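In what follows, a single structure is set out as structure tokens and then discussed.
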Amino acid sequence: MKESEIIRTLFGTTPPPEDDCYFLAPNRLVTTDSLSEGTHFLHEWSSAPILARKLVEVNVSDITASGGRPKECFLNLGLSPLSRKKEWIRAFSKELRKSLDQYGMKLAGGDTFSASKTQLTLTVVGTVEKPWLRSGGKPGDYLYITGSLGKSQLGFQALKKKSKGKQYQEAIAQHLSPKSRYMILNSLQKFQVHACMDITDGLIQDAERLAITSRGKLKIQVESVPLDPLALKELGLDLCLGSGEELELLFLSPEILPTELAGIPVTMVGKLDKGKPGVQFLKTGKRYIPQSIGYLHFTEEE
């Protein structure tokens, strides 16, 4: 079953949620994310501190993409024979506390259990005045992306090929330990943001989700999409467009925004129009159809 089919089955006749965060009125956000050994990471690539940072950042990214600020969290640890070792737990705990302190977050509870492979889950509670929902896009809104895309996929490929050249170090760091765009939040909240999400499964899939949820047609100019130059050169266009775990923000606004906020590049890449919900990529004025869409959590054959 596909991931979307699994989720629909779980919720039965109740419509499944459209956002990564659940809004608890009047001002609370809740999100949860997991890192599973063999699916999201390998111990040979990721040390305990790297995993602690990533676990915090992917959850903070969800809260940020909803316009909120993280406050408390709950940690579930499934510890394998490797990760239950004293040295691993101490290194993980030290970096976890450091990462939580960076955002003023409190570890409020959780659960620990024995597992054959390491399983890490963090649930974060945040606050927000008015959340940015994926469904808030309106026809005429401009589509923006922070930062650039492709570097995470380049880092993944470099790790697979054991390419440890200096030119790949930044990309490897981006893949293993991506950083949320929390620092742009104050600046971005000065503008109208109708809908927002973070890019975790690649622009191709995530833009489709944003378009469907906002019930409009997103037209994206491929030439405008900010792509990492080295990633584009080595991987090609489609792998860059499908690069996941970037944690860049993808958002819709009726305003013309500056090209930089809080030192982070902000690029207009398209527009939301009326029409059948979905995404249309345009290159040199003609429709462009990527040959691959990026990483899939489940395939139909599974």
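Whenever a residue of segment 100-119 is in contact (Cβ under 8 Å) with a residue 24 or more places away in the chain, its partners that are of a type in the set (D, E) and open to solvent by 50 Å² or more (accessible area, probe 1.4 Å), lying with C-beta atoms within less than 8 angstrom and at least six residues away or across chains, give the pairs M105/E72; K106/E72; L107/E72; A108/E72. Regarding segment 280-301, can at least one residue be identified that is in contact (Cβ under 8 Å) with a residue 12 or more places away in the chain and closer than 22 Å to S66 by Cα? Scanning segment 280-301 turns up no residue that is in contact (Cβ under 8 Å) with a residue 12 or more places away in the chain and closer than 22 Å to S66 by Cα. Restricting attention to segment 28-43 and to residues that are open to solvent by 70 Å² or more (accessible area, probe 1.4 Å) and either in a loop (DSSP other than H, G, I, E, B) or not basic (K, R) (or both), the residue that is farthest from K162 (Cα to Cα) turns out to be T32. Selection over segment 181-225 of residues that are open to solvent by less than 20 Å² (accessible area, probe 1.4 Å) and within 25 Å of Q167 (Cβ to Cβ) gives a count of 5. Being within 28 Å of S187 (Cα to Cα) and either in contact with a Cys (Cβ under 9 Å, 6 or more places away or on another chain) or in a strand (DSSP E or B) (or both): is that true of L122 here? So L122 passes the test. Pairs linking a residue in segment 1-19 that is within 27 Å of F251 (Cβ to Cβ) to a residue that is part of a helix (DSSP H, G or I), with Cβ atoms under 7 Å and 6 or more positions apart or on different chains, are P16/I7; P16/R8; E18/R134; E18/S135; E18/T213; D19/R134. Restricting to segment 1-50, and then to whatever is touching a strand residue (DSSP E or B) at 6+ places or on another chain (Cβ under 7 Å) and of a type in the set (S, T, Y), can you tell me which residue is farthest from K130 (Cα to Cα)? The selected residue is S36.
Listed conditions (1) over 18 Å from the mean Cα position of the chain (by Cα); (2) aliphatic (A, V, I, L, M); (3) not in a strand (DSSP E or B) are all met by L75, apart from (3).
The set of residues from segment 149-208 being of a type in the set (G, A, S) and on the phi > 0 side of the Ramachandran plot comprises G150, G202.
The values are calculated or read from the model by the stated rules, or taken from the named source; none is laboratory data. In this text, all values refer to a predicted model and were calculated from it rather than measured experimentally. Glycine also receives a Cβ, built like all others from the backbone with ideal geometry; neighbour counts cover every protein chain displayed. These accessible areas exclude ligands, DNA and RNA; they are computed on the full protein's heavy atoms, side chains included. Shrake-Rupley method; radii C 1.70, N 1.55, O 1.52, S 1.80 Å.
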